[in-house]
Amino acid sequence: MEGLFLKKVLITDDAAFMRFSLKTMLERNGFEIVGEAENGAIAAEKYKILKPDIVTLDITMPVMDGLQALKQIKAIDKSAKVIMISAMGQEGIVREAIISGATGFIVKPFKEETILKVFEKL
Amino acid sequence: MPEDGVVREPMLEIYLFEATQLMEQLEEISIECEKNRKISTEAINEIFRIMHTIKSSSAMMMFNNIAVLAHSLEDLFYFIRESKAINIDFEKLFDLVLCGIDFIKGEVSKIENDCNADGLSEPLVLKSSNLLQDMIKANGVIIKDDCQEKKEDTKYYISSFEKLGSEIKQKYLARIFYEDGCEMENVRAYTVVHNLKEIASEMYHIPEDIIESDDSVEAIRRDGFLIGFSTSTSKEKVEEQLNEIVFLKELELKQVEEYPLELKVLKAKIEIDLEKSISEESVFEKIPDKLDINKEKVANVIKSGKQQSIISVNISKLDKLLDLVGEIVISEAMVTKNPDLEGLTLDNFNKASRQLRKLTNELQDVVMSIRMVPVSTTFHKMNRIVRDMSKKLNKEVELVIIGEETEVDKNIIDHISDPLMHLVRNSLDHGLEEKEERIASCKPSMGKITLEAKNAGGDVFIIVSDDGRGLDRGKIYEKAKLQGLVTKHEGELTDKEIFSCILLPGFSTNESVTEFSGRGVGMDVVKKNIDSIGGAISIDSLMGRGSIISIKIPLTLAIIDGLEVAVGTSKYTIPITSIRESFKPKENDVIADSEGNEMIMLRGQAYAIHRLHRIFNIDTEVTSSNNGIMVMVEDNTKVACLFVDSLIGEQQVVVKALPTYIKKAKGIAGCTILGDGNISLIIDVSGILDR
Amino acid sequence: MADILDETIETSEDTQKGKFLTFSVGREAYGIEIKFVTEIIGIQEITEVPELPDYVKGIINLRGKIIPVIDVRLRFRKEPKQYNDRTCIVVINIKETSVGLIVDNVAEVINIDDSNIVPPPQIKSGFHNRYVRGIGKVGNEVKLLLDCDKLLNDDEIESLNTII
């Protein structure tokens, strides 16, 4: 990534493994992970504080799921760039996420190239 | 976590760690639900989430057999979650779940040992889908996907119009191809439609149904997503917007006069407001989620709170830290107790070194506490065993756990897991009677096994007790005599001594080898395990009432309180926990039997004498009993006296293992470096007394 | 003593080939490949450990690390000799195991080309022949080059380990 400043990313997923995988892939490609959240509520809170450029949200999470978190974050910042991380079979929720303003989505399991293709365009 | 220094890729490390944790959580929930014959909403959600996570992570790591199994179980619990009130065969369901857990644990174990995770999950997957089918049949509800609730006919629709303005509109035709492997092309197509509606006044597309139909995914992959729309936006802007499509492989965009035939056909269909239909769908789906969230909130906020204050650290780093702190303790002693300083008056120096001592002690305490883990995880593992065995043996058993917060060094925890398992198995298999027998003896039909952990001084006690039939003193004595393991008469031996015979190798009163506890293989191995961590076992029992097995283990292996003694020019350390007392003997009190075995009388009792200088072949001038000191020591069964030249003093020492090139002699547990740089060998009391 | 060693140890593995540390035990001169030698120290206090073979004298404290020491004289079944201030301990490290060898004195580090090394004679006289992997010619002198692996070879270590 060119430019003086690396794009800042907030990663949300209840699974430590998923957070770690995504973090590793993104950091390798010039993104800065400014924070991690284990559920949607924490993600919304951290969004307010960290003001990242991009947020990733897993869909299935305890306390507050990805869809609710998306709506909260969009309420905080209309122009927030949010990528949903979904699994097969969650088409309905992803569609609703699109309507609620999600910028895009990735389907698990994903490879590094896949992630990059999405993030490049943000 | 790699204990032997094997360094694994961090991603694999985290995967294994998380998978293990999740399996443990799942096992606990499952056993709880099965026991109570009830699954709460929280439990369902949690089980679903665990399966979902394992599915995703395993797929990422390419462990497909695990992923597929997790997926099928996830489907099962998805059904249970979405169905409002259904009948569940708890036994069947959780048997399956526990089998799944075992499979996954097994694969994880293979991976941890650098083997291939080559287990076949197909049988379990089949079982799972069969169970799901059965549930569906029994409960009459079939849910295809999460859009089930939508009742509207959404097959033919046209997106809503922004405005019917009078600007000059141009018809466009676009065909979009997506990158291979991006998945959910129908939803991606939906995204395009959703984004275009802001600028388009009409839109028709093929495939038509990108909401309900899964076939559309194939169609889009094959022929691309064809979309015809009309807009007043400039071609450049349209192209720009479309080129921003994520995973766009190929875009064909052209201005057209008329839509092609296949799209024109769609124009004639009913118009339905896309937005309205979707928001209705979302209302449908939202309600159950909302309820779930509220119910879950309390339980899970607590959980995530806990998670946030914990980080996982590589065990090898902790080991290194502990080693270094040990070295610092030794170095500190070498400085402050340096022979160069002997006889000098150094008030300021002494003050400073006392402060240093205080800090090193504190540092040591903190580092030790890092390695301390509660026994709860190990104790809870026993739940599964009790559950499985009680089912197989058809005995009703309750496992009571007391003091699970008690902490023990991580190294030690690893060594008590197997012995505990064996003791619990024994209690269940041989200790607890069948239901009828219990009722006949006026005992509650449900047998009780208690696991208790508590601190006492520098040791931790772990006690396994049951209210079963107890040990038969006579029978044990007979068997021991038969095996040649005892020579004394039964009357001469205390209960404890007779009961401890079952710890001897080759002993067993079991007439038949059961599936769970073999013949004479168990208890002596348990003793060996406990011995290897410097612990001790003692057994007590009351016929007809039950048995109690107490295991005493040191808090930590690394540092012990020792008594320094001198034998000749050598120095030895005797662990304080093994010492009863020390005294100066009188020549007359020492007596010898016909074989030359020496004994000393103290307060009416006779104790065997072990002369260290003879045992270790050390030259010393102190040979007559008058000139030396007796140190009375004990292990779990014997008490005797060690004869040494003199006592030097009490000292806390860092235990260092003898170099592997030298395996320890019987009676030596390890060594330590003293303040003056000399090495002191640490006495293994059991080893000496066994000679 | 330390200087000689420092110089040679700084060089890389490859260039250490053919370099031997020579020492004497009795009338024989021996050589060990320098790559196994980690340090040379003067004789120091040895703590005896019971129930070990006679040639394993015990353990020493080397800056906080516990290292077993072997008396090479006894290992080669020679008459034991009193330790004096020339007696040295050559610390070698093989397969992650560190052991100290007590020798009469240490001579120097010399280069011996492969061409100057001949295989040991087949006659089995002398207990130490098992451990000699070659005979090196240095000028008029002959150095018995030890096979470090065999000196503490696995069989030996196994048998030591089983003494309980």
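Every number here is computed from the coordinates shown, using simple stated rules; none is lab data. From a predicted model like this one, the values you see are computed outputs, not experimental measurements. FYI the Cβ positions are ideal-geometry reconstructions off the backbone, even for glycines, and counts take in every protein chain you see.
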For peptide B:339-350, how many partner chain Cβ atoms fall within 10 Å of a residue's Cβ, on average?
0
What is the Cα radius of gyration of the stretch B:375-554 over 2.2 N^0.38 Å, N being its residue count?
1.01
Which of rounded, prolate, oblate describes the stretch B:1-119, given a ≥ b ≥ c as roots of the alpha-carbon gyration tensor eigenvalues and a/c under 1.5 marking rounded, otherwise prolate only if a/b is larger than b/c?
prolate
Along Cα→Cβ, 7 Å out, is where each label goes; now give me the distance between the ones at C:K137 and B:A352 in nm to one decimal.
6.3
Need one value for A:92-103: mean number of C-beta atoms belonging to other chains within 10 Å of its residues' C-beta atoms.
6
For the stretch B:315-373, take N as its residue count and report Rg(C-alpha) divided by 2.2 N^0.38 Å.
1.36
Residues whose modelled amide H sits under 5 Å from the amide H of B:M61, counting only those 5 or more places away in sequence or on another chain, are none
Sort B:T345, C:T97 by Cβ crowding within 10 Å, fewest neighbours at the top.
B:T345, C:T97
Theoretical gain in end-to-end length, B:E239 to B:R221 [0.36 nm per residue, Cα-Cα removed]
4.4 nm
Projected label distance in nm at B:K481 and B:N130, using a 7 Å step from Cα toward the beta-carbon:
5.6
Just to be sure I follow the rule: in the stretch B:10-139, considering lysines 8 or more places apart or on different chains, how many pairs have Cα atoms under 29 Å apart?
28
Just to be sure I understand the model, the point goes 7 Å from the Cα along the line to the Cβ. What's the resulting B:I168 to B:S594 distance in nm?
13.0
I need two numbers for the stretch B:559-689: Rg to one decimal and Dmax as a whole number, Cα atoms only, in Å.
14.4, 45
Packing-based exposure ordering (other Cβ within 10 Å, fewest first) of B:H613, B:H52, B:H489
B:H489, B:H613, B:H52
Using a/c under 1.5 as the rounded threshold, could you call the stretch A:7-120 rounded, prolate or oblate? The axes a ≥ b ≥ c are square roots of the C-alpha gyration tensor eigenvalues, and prolate needs a/b larger than b/c, oblate otherwise.
rounded
GluC sites (Glu not before Pro) restricted to DSSP loop in the stretch B:400-470 with at most 12 other C-beta within 10 Å:
B:E405
Too long at a 18 Å Cα-Cα cut-off: which of A:K51/A:K117; B:K320/B:K410; B:K391/B:K475?
A:K51/A:K117; B:K391/B:K475
Amide N of the stretch B:179-221 lying under 12 Å from the label point, which is placed 7 angstrom from the Cα of B:L253 along Cα→Cβ:
B:196
For the stretch B:170-277, how many pairs of lysine residues have a Cα-Cα distance under 20 Å, where the two are 8 or more positions apart or belong to different chains?
21
I'd like the FRET efficiency for B:L12 and C:I94, computed as 1/(1 + (r/R0)^6) with the beta carbon distance as r and R0 of 35 Å, rounded to 0.05.
0.65
How large is Rg over Rh for the protein assembly as shown, taking Rg from the Cα atoms and Rh as the Kirkwood inverse mean of 1/r across Cα pairs?
1.08
What are the GluC sites (Glu not before Pro) within the stretch B:599-691 that DSSP puts in a loop, where the Cβ has at most 13 other Cβ atoms within 10 Å?
B:E621
Please report how far the C-alpha centroid of the stretch B:348-409 lies from that of the stretch B:184-202, rounded to the nearest whole angstrom.
58
